[in-house]
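The values are calculated or read from the model by the stated rules, or taken from the named source; none is laboratory data. Because the structure is a prediction, the values reported are computed rather than measured. Quick reminder, even Gly has a Cβ in these numbers, built from the backbone with ideal geometry, and neighbours come from all protein chains shown. Note: accessible area is taken over every heavy atom of the protein model, side chains too, but ligands, DNA and RNA are not part of it. Shrake-Rupley method; radii C 1.70, N 1.55, O 1.52, S 1.80 Å.
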Amino acid sequence: MSKLRLAIQRNGRLSDDTFALLRRAGLEFDSPKGRLIVNCDGLPVDLLLVRDDDIPNCVRSGACDAGIVGPDVVEEDRLQCRGPSHVQRLEALKFGRCRLALAVPEGKAGLFPVDFRATTIATSFPGILRDFLAAQGMERDVTIMSGSVELAPRLGIADAVCDLVSSGATLRANGLKEVATVFESEAVLIGRTELGDVAVTILARLLARIRSVLRARSARYVMMNARRDQLDAICRIAPGVKEPTIIPLASDPDQVAVHVLSSEGGFWETVEQLRAVGATDILVLPVEKYLE
Ligand code: PRT
Ligand code: ZN
């Protein structure tokens, strides 16, 4: 195989962010809508478009070399298959954030966990839930549902639910209240632990590019003018700053232009503080790629 086979979600919550990230990492491809395999330019990669639940198995079985998926799905697959998974998490990708949470009908929230003994819990993640309950010493009956888990208490199928939550609106709309976080999740790049040399090389290149894209996202290039004696104060304020570049201004030997690469957020606050210590003509520029 002279290409890396990367499994990604065909059509779901992770799809658009995944396509955008891969494009920013230099993969060029036509619209993947309605296609199963997409060949990329820019890096020897074939995208395999599948349901997210199938991605861990694709990588575990060797059908694909790597994938982008929620760790909730990876962990559930690991617990279900029990054998060696051959799957490693390579990088958290800063999108698809959510949590797997335990929720009970509003009126019963105050009684958790004391009055939780006879509870039946509906979930699509029985492996993760059972692990969590065992660790808390509260084994309960688990009802497995493949979707619409939040309806279970109203339908009388279960007393509580364990479902993915991001804004919490779905739980609220169904009269449910979160009582415990079971698992935190954010999309990850996974890779097979045993890969041929070519796939290893391409995956390392893809990973380096993805890391540079993610690093650039929180980085800004800040340019300003200042007096030389203000430099210490400026460097203390600008967070994540390595060595600043100092350029003397031709018109005034006491004045310098300062360029810094700032790798942390909170820019308005930082800019206001820079102004307060005397920096002027401050320009803040986004960073397209950031390779250390
Ligand atoms: O068709 P396919 O099998 O590929 O997709 P799917 O329907 O099984 O998965 P999908 O697209 O819903 O989710 C894919 C991944 O996105 C999950 O495995 C999570 O890692 C991540 N993710 C992030 C979420 C959410 N946020 C999320 N809010 N997955 C699901 N939800 C659902 C949740 O199940 C509930 O129904 O959204 C609802 C709650 O949202 P809030 O905002 O109301 O709390
Ligand atoms: Zn799914």
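Numbers at a glance
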item: From 82, 51, 89, residue being more than 16 Å from ligand 2 (Cβ to nearest atom), open to solvent by 50 Å² or more (accessible area, probe 1.4 Å) and more than 15 Å from the chain's Cα centre (by Cα); result: 82
item: Given (1) surrounded by fewer than 20 Cβ atoms within 10 Å (Cβ to Cβ); (2) modelled with pLDDT of 95 or more, index of the condition residue 76 fails; result: (1)
item: Meets criteria (open to solvent by 50 Å² or more (accessible area, probe 1.4 Å) and near ligand 1 (Cβ under 9 Å from one of its atoms)) for residue 97; result: yes
item: Candidate set from segment 170-192 (those that are open to solvent by 70 Å² or more (accessible area, probe 1.4 Å) and not small (Gly, Ala, Ser)); member that is farthest from residue 123 (Cα to Cα); result: 172
item: Output for segment 31-48, where each listed residue is aliphatic (A, V, I, L, M) and either within 16 Å of ligand 2 (Cβ to nearest atom) or part of a loop (DSSP other than H, G, I, E, B) (or both); result: 36, 43, 48
item: Residue within segment 14-30 that is open to solvent by 50 Å² or more (accessible area, probe 1.4 Å), assigned to a loop (DSSP other than H, G, I, E, B) and either among the basic types (Lys, Arg) or within 16 Å of ligand 2 (Cβ to nearest atom) (or both) present; result: no
item: Restricting segment 155-175 to residues that are in contact with a strand residue (DSSP E or B) (Cβ under 7 Å, 6 or more places away or on another chain) and not in a loop (DSSP other than H, G, I, E, B), the residue that is modelled with the lowest pLDDT; result: 160
item: Boolean, residue 67 is of a type in the set (Gly, Ala, Ser), open to solvent by 30 Å² or more (accessible area, probe 1.4 Å) and closer than 25 Å to residue 123 by Cβ; result: no
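Residue-wise test of (1) at pLDDT 95 or above; (2) among the basic types (Lys, Arg); (3) assigned to a helix (DSSP H, G or I).
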| residue | (1), (2), (3) |
| --- | --- |
| 96 | yes, no, no |
| 100 | yes, no, no |
| 104 | no, no, no |
| 110 | no, no, yes |
| 117 | no, yes, no |
| 146 | no, no, no |
| 153 | no, no, yes |
| 181 | yes, no, no |
| 190 | yes, no, no |
